[in-house]
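Reading through the structure tokens given below for one structure.
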Number of protein chains: 2
Amino acid sequence: MKIVIIGGVAGGASAAARARRHDEKAEIILLQSGPDISYASCGMPYFIGGEIKNRHSMAVQTPASLYAKLRIDVRVNVRVTAIDTEKKEISGHNERTSDKFSESYDELILAVGAAPLKPPIPGIDLPSLFSLRNLEDMDNINHWIAKTQDEIAHHHRMHCYVADGEKMHVVVAGAGFIGLEMVEQLLHRNIQVSLVEMMPQILGPLDVEMANILEQDLIKRGVNVITGDGIKQFEKMDECGDVVVHLASGKKLPAAQMTILGLGVRPDTAIVREAGIACTKRGHIIVDEYLKTNTEHVWAVGDAVEVKNPIVGGQWAVPLAGPANRQGRMAADNIYGKNRKFKGTYAAAVVRSFDLIAAAVGMNEKMLRAQRLPYNVVHVHPGSHAGYYPGAKSINLKVLFNPEDGKIYGAQAVGEDGVEKRIDVISTAMQGGLTAEDLAELELCYAPPVGSAKDPVNIAGMAAQNIMDGFVKQIQWDQLEDAQNDPDTVILDVRNPGEVTAGELVNGALQIPLPELRDRLGEVPTDKKIVVSCASGQRAYYACRILQQTPGLEGKVFNLSGAFKTFKTTPTFLSRS
Amino acid sequence: MKIVIIGGVAGGASAAARARRHDEKAEIILLQSGPDISYASCGMPYFIGGEIKNRHSMAVQTPASLYAKLRIDVRVNVRVTAIDTEKKEISGHNERTSDKFSESYDELILAVGAAPLKPPIPGIDLPSLFSLRNLEDMDNINHWIAKTQDEIAHHHRMHCYVADGEKMHVVVAGAGFIGLEMVEQLLHRNIQVSLVEMMPQILGPLDVEMANILEQDLIKRGVNVITGDGIKQFEKMDECGDVVVHLASGKKLPAAQMTILGLGVRPDTAIVREAGIACTKRGHIIVDEYLKTNTEHVWAVGDAVEVKNPIVGGQWAVPLAGPANRQGRMAADNIYGKNRKFKGTYAAAVVRSFDLIAAAVGMNEKMLRAQRLPYNVVHVHPGSHAGYYPGAKSINLKVLFNPEDGKIYGAQAVGEDGVEKRIDVISTAMQGGLTAEDLAELELCYAPPVGSAKDPVNIAGMAAQNIMDGFVKQIQWDQLEDAQNDPDTVILDVRNPGEVTAGELVNGALQIPLPELRDRLGEVPTDKKIVVSCASGQRAYYACRILQQTPGLEGKVFNLSGAFKTFKTTPTFLSRS
């Protein structure tokens, strides 16, 4: 058996290692462009920021280590340029010597990955613009920062755009996972950062009211965050490499000494398509449930493939390291006849941004709207552990589910502690077919320093159960403005007066603190719809239940999902100030 | 509707709050012995140790707060002494005034909880012995420590057993969750601690090789840990309250100024049984899946009930706060006709012991053996997050599963970081009906600071899959001694020589480092069984796959589950030194 693997980072290296465990006699050839294999892609921002100090640790495996442990024939600095699926042969050249080579295969695994998107914006090839795909990119970025900061420190930029003593300015284009990680790490290096995102929010996998928690934090930390504005041009200003970014809106950013392009990725599949292996319009390799392409003896894994969306059906592409690794292992298993089926990808992902962690799994509200799927939403804000034990941090947790059967569509969480744990639990619940209601009964570990008797996941499940049972009705934050403008609706704020002064929900809300509500029911009009809010949602829920049982108010009471704590990071609220 | 609830801590308070949300008009009476309701039971050790400083925060709700928010009629300091299920009436007296009272009910919820076990050991009622059930106990313990330490500091113990300037000595009897939490908190208060446990290991919910990780850590911290020895007598030594603990083995402990009894709990159900409500032999209240007792209009929740074991069938009692809270809510729902079924308890639990976290869910090996259920085990030791990002800590993870269908029986984990997250995930997987093999494919969040592309849960799943597929065979730590003594077995250690000197697996093991194995296959006898080990299991697994494919060795190769990292905390290894 001769197995050739194109691409040796996550999926490719996993496939090679697993194939060897199946077969001591197989000839396993791993081909990789550039000098590094099996490197820590996801660690690169942290190396640039200095959190990871050991450059050697960034290359998790080397050709030598893979040979010693697994007798893998690793060939780096090679570029595969053609696949002949008839002859079962690939060919290409050495990137350094230009020497040509070709190699036959019995089985071919395509782990070609995804390349950073470089849209045809004028100036995108200027030398101070960098993408971050591999360790060479990482080293180049590091070198550029060091050089620039050295020039600034030693007064060598007299004729360029940064005045001596000023901070280096970097534009990060694209506010996805890598963009956000780069922002944090650049700040660690005493750099002034502008973050530009074409979409109206940062961090697209989250919905806007969740992503805004991070955005507000970045603004507080001095990052110049620009959303809803595209980049029209990178204009070269001087010989130092300074660039002025022109935005679609006509605005210009201050001259930047470096730009990081984090505009997303596209599958790196030119040679795959040329070989006649079926790809989607967007260029993703099409595989069956065994990860086989439409071509005999050709398998594909990782960021370049389109996979099943097991939540709502259909296909999607989810470029994440975890699925890539597991697909690599599975492709090797299936070459050796294991017939394992890949069930699809749930898109569980997490990013740290300074003290905040943001995590998500599954479908967000934007996706569900685009697919016109009916859904329901709960927003809750429980503590990361028991409130009486010091240090608990509020977790902003959003769960989306099918209003009919409670199927969990997705979840998002933002906070300082225990955030990805809750998304991991919900991701597992989704994979086990549990419903949003089942989350209410989920049994999780509890000790005061690490959890609560009612875990945040339980709280979200109980909120979902209350919605599905009709125990409480709710409106979402984007319906509040309409409610406020509706003469037949009253907004009732049940916070205490001291809390209300910390931030007003809407102008002219009826204010009755919850402990007084039963005694002041007469103040609540029975001929109107009532929308109730408090700080984090619990007291409003209690109030809803009281009002719901008040004669004349049955069926007219609505909880504002997530209450003020959710509302204060929505575009509606933020656009006020 | 008039609902009477006996017991107002976890399940009782939850039931009361939920009932009010169902019914504004209901009369809801909550009866509680002692002055406190809804207090933070699980936080009490942390208050004693000073981690929780705010005494008010320990009473999560007060009678006044429950009345203000929920119009619950809370009556504290009352002792219910009789239940008349015919008349639907309970009666009792005020613990302070001795005034008698009786109260009729439409629906009765028994949330009577469990009381600390006090076996009839001579001296168990001596004044320096304390249990820890409620805030009064907590205050008494605190007061006793303060008084004793004050006496020591001010030389007022001239005639008693602690010499001036010495540390106070406390015996903790019972090494369960509360016992371990007390040990840590007592050490925080500069106390010398002896921990006595009758079972041959601490922390019974874990198996011995897992619990020993904590035990070794306690010993290192100076705790006098005694396992496998019961307490025969508490002997009063002097007027200060000093007690000498006599052990079953004949040993005596140094005089102790205080003893904490953490010997487990028993259901506090005397009045329940007297009322003719069905209980088990051990005294747990029997409920149906709706949490109803055998008696009309009587429901029971929390530590006093026996619940379904959803993993292997049958019933068990699992005194944990999480299930108690959810049962309380469910009983209220069912009183209002919701017909929610309680699916049983998985026994997910966690304890922190200094820098270590230990968590477990489901059945352990001892339970599976007792039920004579066939099971398989994997031990793995992956890092809490990506190895290349600083600060990753090894997680010792054990998963037990059905060898036939992969059903997960339980899991245990010990480590410094990310421990309970993995048990929460596995607990959720169990509740969703996922198998041990499914854990290999589980999709979890990954970013370098919080996870790995192959999460520890995935690693455990892959190990289980390899076992179930017959890809690798294994033996457990308790079979190693037999293997060593078997002349037809060779123990092969594939660690590097430098690692072997750090701790020898067995005397006379064949030592071939993994990278040399393929070139030294001739040294491996083909007429014997081969047991392979390394440091944490990965290299041994690689070696097993190499050997398994070596002519003459097919079917004769066994991996030592968990390798040296598991073996070094087993009784077999520890008894050597």
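Residues of the range B:524-555 that bury at least 10 Å² of accessible area when the other protein chains are present, relative to the chain alone (probe 1.4 Å, heavy atoms, ligands and nucleic acids excluded): B:Tyr541, B:Tyr542, B:Arg545, B:Ile546, B:Gln549.
Evaluating 6.51 cos²θ - 1.76 cosθ + 1.60 at θ = phi - 60° for every residue in the range B:566-572, the Karplus couplings come out as 7, 4, 5, 10, 8, x, 4 Hz, glycine and proline recorded as x. For the residue pairs A:Lys366/B:Lys343; A:Lys343/B:Lys556; A:Lys398/A:Lys556; B:Lys220/B:Lys308; A:Lys232/A:Lys398; A:Lys69/A:Lys338, the alpha carbons lie more than 29 Å apart in A:Lys366/B:Lys343; A:Lys343/B:Lys556; B:Lys220/B:Lys308; A:Lys232/A:Lys398. Rounded to two decimals, the Cα radius of gyration of the range B:355-468 over 2.2 N^0.38 Å is 1.01.
For the chain pair B and A, buried accessible area totals roughly 7600 Å², probe 1.4 Å, rounded to the nearest 100. Taking 40 Å² as the minimum loss, tell me which residues in the range B:374-418 lose that much accessible area going from the chain by itself to the full protein complex (1.4 Å probe). By number: B:Tyr388, B:Tyr389. Carbon-plus-sulfur fraction of the accessible area of the range B:355-468, 1.4 Å probe, in percent? The computed percentage sits at 46. Per residue, the range B:45-144 exposes 48 Å² of accessible surface when a 1.4 Å probe is rolled over the protein heavy atoms with every protein chain present. Applying the Kirkwood pairwise sum to the alpha-carbon positions of the range A:473-574 produces a hydrodynamic radius of 13.2 angstrom. For the protein assembly as shown, the Cys residues with no second cysteine's beta carbon closer than 4.7 Å are A:Cys42, A:Cys279, A:Cys445, A:Cys534, A:Cys544, B:Cys42, B:Cys279, B:Cys445, B:Cys534, B:Cys544. Amide H to amide H distances under 5 Å link B:Thr280 with B:Ile285, B:Ile286, where only residues 5 or more positions off or on other chains count and H is placed in the peptide plane.
Restriction of the trypsin sites (Lys or Arg not before Pro) in the range A:61-126 to DSSP coil positions whose beta-carbon has at most 16 other beta-carbons within 10 angstrom yields A:Arg71, A:Lys87, A:Arg96.
Report, to one decimal in Å, the Kirkwood hydrodynamic radius for the range A:1-146 based on all distinct Cα pairs. One decimal place: 16.5 Å for the Kirkwood radius.
Rounded to whole numbers, the Karplus 3J(HN,Hα) couplings from phi for the range B:190-204 are 6, 10, 7, 10, 10, 10, 10, 9, 5, 5, x, 8, 7, 6, x Hz, using 6.51 cos²θ - 1.76 cosθ + 1.60 with θ = phi - 60°, and x at Gly and Pro.
The share of accessible area on the range B:221-299 that comes from carbon and sulfur is 47 percent, using a 1.4 angstrom probe. Starting from the Kirkwood Rh over alpha-carbon pairs, what translational D in µm² s⁻¹ does chain B have by Stokes-Einstein at 4 °C and 1.567 mPa s? Calculated translational D: 49 µm²/s.
The phi torsions of the range A:170-183, fed into the Karplus equation with coefficients 6.51, -1.76 and 1.60 and a -60° offset, translate into couplings of 10, 9, 9, 9, x, 10, x, 4, 5, x, 5, 4, 5, 4 Hz, rounded to whole numbers, with Gly and Pro shown as x. Relative to the dominant Cα principal axis of chain B, helix B:538-548 is inclined by about 50°. For the protein assembly as shown, the share of DSSP beta bridges that are antiparallel, to the nearest 5, is 55%.
For the range B:306-428, the solvent-accessible area works out to 30 Å² per residue, with a probe of 1.4 Å and every protein chain left in place.
Full extension of the segment from A:Thr280 to A:Glu86, taken as 0.36 nm per residue of separation minus the current Cα-Cα distance, would add 67.7 nm. Partners of A:Lys407 within straight-line reach, counting aspartates and glutamates whose Cα lies under 17 Å from its Cα and excluding those fewer than 8 residues away in the same chain: A:Glu365, A:Asp424, A:Glu437, A:Asp438, A:Glu441, A:Asp469.
Amide H contacts of B:Phe130 (H built 1.01 Å from N, in plane; Pro and chain starts excluded): B:Thr259, B:Ile260, B:Leu261 sit under 5 Å, all sequence-distant by 5 or more or on other chains. Accessible area per residue (1.4 Å probe, heavy atoms of protein chains only) ranks A:Ile29, B:Ile467 as B:Ile467, A:Ile29, with the largest value leading.
Among rounded, prolate and oblate, which fits the range B:129-263 when a ≥ b ≥ c are the square roots of the eigenvalues of its C-alpha gyration tensor, a/c under 1.5 means rounded, and a/b larger than b/c means prolate? In terms of gyration-tensor shape, prolate.
Note on B:Glu516 and A:Lys343: with the Förster distance fixed at 35 Å, the Cβ-Cβ geometry gives a FRET efficiency of about 0.35. Between 0 and 90 degrees, the angle of helix A:321-335 with respect to the longest Cα principal axis of chain A falls at about 50 degrees.
For a straight C-alpha distance cut-off of 18 angstrom, the aspartates and glutamates reachable from B:Lys565 (same-chain residues fewer than eight places away being disregarded) are B:Asp207, B:Glu209, B:Glu215, B:Asp217, B:Glu416, B:Asp417, B:Asp478, B:Glu481, B:Asp493, B:Glu499, B:Glu504.
Quick one: helix A:456-468 against the long Cα principal axis of chain A, what's the angle to the nearest 10°, folded into 0 to 90? Helix A:456-468 and the main axis of chain A meet at about 60 degrees. For the residue pairs A:Lys147/A:Lys252; B:Lys87/B:Lys281; A:Lys421/A:Lys454; A:Lys292/A:Lys341, the alpha carbons lie more than 18 Å apart in A:Lys147/A:Lys252; B:Lys87/B:Lys281. Computed from the C-alpha gyration tensor, the three semi-axes of the ellipsoid equivalent to the range A:8-76 are 25, 10, 10 Å, from longest to shortest. Is the shape of the range B:335-411 best called rounded, prolate or oblate, per the rule: a/c under 1.5 gives rounded, else a/b larger than b/c gives prolate, else oblate, with a ≥ b ≥ c the square roots of the Cα gyration tensor eigenvalues? Cα axes put the range B:335-411 in the oblate bin. Projected over every direction and averaged, the convex hull enclosing the alpha-carbon atoms of the protein assembly as shown yields 50.0 nm².
Estimated from helical segments only, the mean residue ellipticity of the protein assembly as shown at 222 nm is -8000 deg cm²/dmol, where each DSSP H run of four or more residues counts as -39500 (n - 2.57).
The values are calculated or read from the model by the stated rules, or taken from the named source; none is laboratory data. Every value quoted in this text rests on a predicted model; they were computed, and no experiment measured them. Neighbour counts run over all protein chains shown; Cβ positions are idealised from the backbone, glycine included. The protein model used for the area step is the full one, side chains on, heavy atoms only, and it has no ligands, DNA or RNA in it. Shrake-Rupley method; radii C 1.70, N 1.55, O 1.52, S 1.80 Å.
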